[in-house]
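Working notes, structure below.
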Amino acid sequence: MSEILKHGPLVVFGATAVGGAIAVVLTQNVVRMAFWLILSLGAMAGLFFSLNADFVGTAQLLIYVGGTLVLLIFGVMLTASGPFVSIKSSAGDLVKSGVAGGLLLTLILITACQVHWESTPAYDEVGVMSAGYNATADGNTTRPLGHAFLGARPDKDLGRPPTDHLSPGYLLPFEIVSVHLLVVLVGAAYLARAKKRKA
Amino acid sequence: MNFSDIINTLSADTRASLPLFGPELILIGTIVALLLVRLFNADKYLPGSIVAIIGTALALARAAAQFWMMQNQTSGSAPGIQDVSAVGPFPMFTGLLLYDPFTVYFRIFLLLFLLFVEWLTVVTGIPDLEDAPDFYVLLLGSTLGMMLMASANHLLMVFLAVEMTSVPSYAMVGFLKGRKSSSEAALKYVVYGAGAAGVMLYGISLLSGLLGTAHLPSLAQALVEFGRTHTSLADDAAVRTLAFAILTILVGVAFKLSLFPFHFWCPDAFEGAAAEVGAFLSVASKGAAFALLVRFCLALVGESRTGGAPLSELYMNIGVALGFVAAVTATFGNLAAYTQTNMKRLLAYSTIAHAGYMLMAVAAMMVILNAPGGGSLPPSVRIDRAATCIQGLLYYLAVYFFMNLGAFAIVALIRNQTFSEEIADYAGLSRQSPLLAACMLICLFSLVGLPPFGGFAGKFMVFASVWDAGKLNPLMWIVLAAGLINTVFSLFYYIKVLRFMYITPPADEARPVNVPLMSDAGLHVAFVTLPVLALGIFVNWLSELAQNVARWLL
């Protein structure tokens, strides 16, 4: 039972990531492809989280799942007309992409096999890497970042004399950037919308 | 400190900072109000321009009150602002921004300019009622970035402020939709801006990586430590990396200032954008970029401002390099302006040239603070002379505010009546509209730097500080000579415009220009031009103010 609990998330996320990736290749409708890609990349983030690599997981969510896919969806929605809605690849394309993908797979496999997994820090009983992490400090890869965005820097200021100034925290940029985004979105909306015809 | 101490100090710090951040907060509130007014369809009764003007006026009043309080707090103890330690600069938001007279001076400068530009847009009718909220949101958002630029105390804020200034101005340059030149200008501006921002970010990460901090005062301390261990300039990889990092950050600033190798966007952007936007970009964004440049240079020099600092040789070389960039920029701007036939393009090149003149003041400051042979001048004299450089820069900016805005306003008003911005179409203006012609004459003569106008006083102060720097480093004589020759040369192309206005008879089919004094357009132009004259005659008041502000900084 504990085995299932330990490896369950890993298996589920891993299967989703791989399944989603295969589905991307097999689907021919661009919008569906984008959806499968979200699933695959999101599951990848889940894998990182289940390995306690919060920061990488967050970055994966923000940059790939969030940024790239919003861009993709927008791109798909704006260009999805006529011949581009469904993609049918010719035999030549299949061969070319198969060769490129196969080479990449070989490279990754060779790299993975050459690591001496016995000599790297092993999984301990709770499924957590022993070096650098512990269960009580779960989430300690993003906590300093979160504190810094709220303006406090316990990573720098703990234990300093109470009369000292605080180290610079990033509350102001975190907040002011939202104003910036608002302004920029208004500008983008203005440039994108058509001018009303005067009656 | 334990964790609860940190949180308590943080909350106290934030509560102390927010009132000082008042003008910016009011601008943010105005941006939201502009959007809400349109959301509830109230902009038929309450146009966006009115909301923007009210908000800006409130922010300006707040900033002016801050300045007044600052003056009073200090002049109580001693005449002038002598006692710097009485009310030291206050770091806002855990040291990300700095609240000092320099910050408040630039807040007032930028907000007052914003108010004038808003007034101008009401007079000229760009933007129309439908687009007004968008336009003013962009305008206010950009100004917000500039105010942050002037008070930045941390490299992250420097970058963020530069981006907050630039990105809305890209959209403003392309604001006139459906015109090819406008979209093209905006695209050029975006591409250049993105490149410059990338280079600047590279420099920032290099510098903060090298010194382990991005907080400007800590950076200065780290630089002193760095200077102790790395003494030789020539063959130390770390020093070269440092120089490279500083150079790339300066590239970002140079783009905002449209200095010589990074000026290509400027004429195209100004020609494609509406004249109102051109005025905003040429004055406000230049002013903020100069504030940032002065802050950055002083952060490099750090506390030891009397020469003899470990890396002072490097800093002095930076000063001389800035001087040469300034000389080349002024020369290039003036030479290129000579062949222009479009008035906005001519003003764009004149803007480039003026950025060159103003940069000379910063260069002189760096040379004076860092020239070797600290024995030849007592430290207090050095500080005095460096303060004079900043004083000259501040005065120049104040005059530039009015004379450039005046010129752009007249271009916009003539465009509204003749639909042309070509210099040749200004023929016979002095007979059709003596007011506009006379105001243009004052603005252009002031841009040249002729004596009764404000431009002369500004230029005189800047050249005087370059003279001071020349006594410490002979290379600055070349810069001074370039500045003087350029001043003479610039007379020719400004005169060319005036020749069309006053001597050439108008073409028969030309559309007449009719702007009497007693109209909102006439009053606006008169109001903008009068200070140009006043600042040339009554120099004392503003120059003393500028001197006090400069003294605070050093």
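Structure values in brief
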| read-out | value |
| --- | --- |
| Matching residues in region B:1-60 - criterion: being aromatic (Phe, Trp, Tyr) and either touching a residue at least 40 places away in the same chain (Cβ under 8 Å) or more than 11 Å from chain A (Cβ to nearest Cβ) (or both) | B:PHE21, B:PHE40, B:TYR45 |
| Residue within region B:347-364 that is farther than 21 Å from B:ASN486 by Cβ and open to solvent by less than 10 Å² (accessible area, probe 1.4 Å) present | no |
| Failed condition for B:SER465, given (1) surrounded by fewer than 20 Cβ atoms within 10 Å (Cβ to Cβ); (2) modelled with pLDDT of 90 or more; (3) under 20 Å from B:MET366 (Cβ atoms) | (1) |
| Residues being of a type in the set (Lys, Arg) and touching a residue at least 40 places away in the same chain (Cβ under 8 Å) - total across region B:444-493 | 1 |
| Verdict on A:ILE110 being at pLDDT 85 or above and more than 14 Å from every other protein chain (Cβ to nearest Cβ) | yes |
| Hey, B:ALA507 part of a loop (DSSP other than H, G, I, E, B) and more than 21 Å from the chain's Cα centre (by Cα) or not | yes |
| Filtered residues of region B:245-259 (kept if surrounded by 24 or more Cβ atoms within 10 Å (Cβ to Cβ) and among the hydroxyl-bearing types (Ser, Thr, Tyr)) | B:SER258 |
| Hits in region B:1-49 - residues which are over 18 Å from B:SER151 (Cα atoms), hydrophobic (A, V, I, L, M, F, W, C) and either in contact with a Ser or Thr (Cβ under 8 Å, 6 or more places away or on another chain) or open to solvent by 70 Å² or more (accessible area, probe 1.4 Å) (or both) | B:MET1, B:PHE3, B:LEU10, B:LEU36, B:LEU39, B:PHE40, B:LEU46 |
| Residue list for region B:182-203, restricted to those being under 20 Å from B:PHE296 (Cβ atoms) and in contact with a Ser or Thr (Cβ under 8 Å, 6 or more places away or on another chain) | B:GLY193, B:ALA197, B:VAL199, B:MET200, B:TYR202, B:GLY203 |
| Selection within region A:38-52 - open to solvent by 20 Å² or more (accessible area, probe 1.4 Å) and aliphatic (A, V, I, L, M) | A:ILE38, A:LEU39, A:LEU41, A:MET44, A:LEU47, A:LEU51 |
| Qualifying residue in region B:172-190 (condition: open to solvent by 40 Å² or more (accessible area, probe 1.4 Å), in a helix (DSSP H, G or I), within 21 Å of B:SER258 (Cα to Cα) and without any contact (Cβ under 8 Å) to a residue 60 or more places away in the chain) | yes |
| Residue match in region B:198-217 (condition: in a loop (DSSP other than H, G, I, E, B) and more than 24 Å from the chain's Cα centre (by Cα)) | yes |
| Close pairs (7 angstrom Cβ cut-off, 6 or more residues apart or separate chains): in contact (Cβ under 8 Å) with a residue 60 or more places away in the chain in region B:540-554, small (Gly, Ala, Ser) anywhere | B:LEU542/B:ALA398; B:GLN547/B:ALA387; B:ASN548/B:GLY80; B:ALA550/B:ALA387; B:ARG551/B:ALA387; B:LEU554/B:ALA386; B:LEU554/B:ALA387 |
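The values are calculated or read from the model by the stated rules, or taken from the named source; none is laboratory data. Remember, it's a predicted structure, so these values are computed and weren't measured experimentally. In this analysis, Cβ positions are derived from the backbone assuming ideal geometry, glycine residues included, and neighbour counts consider all displayed protein chains. To get the accessible areas, we keep the full protein, side chains included, count just its heavy atoms, and leave off ligands, DNA and RNA. Shrake-Rupley method; radii C 1.70, N 1.55, O 1.52, S 1.80 Å.
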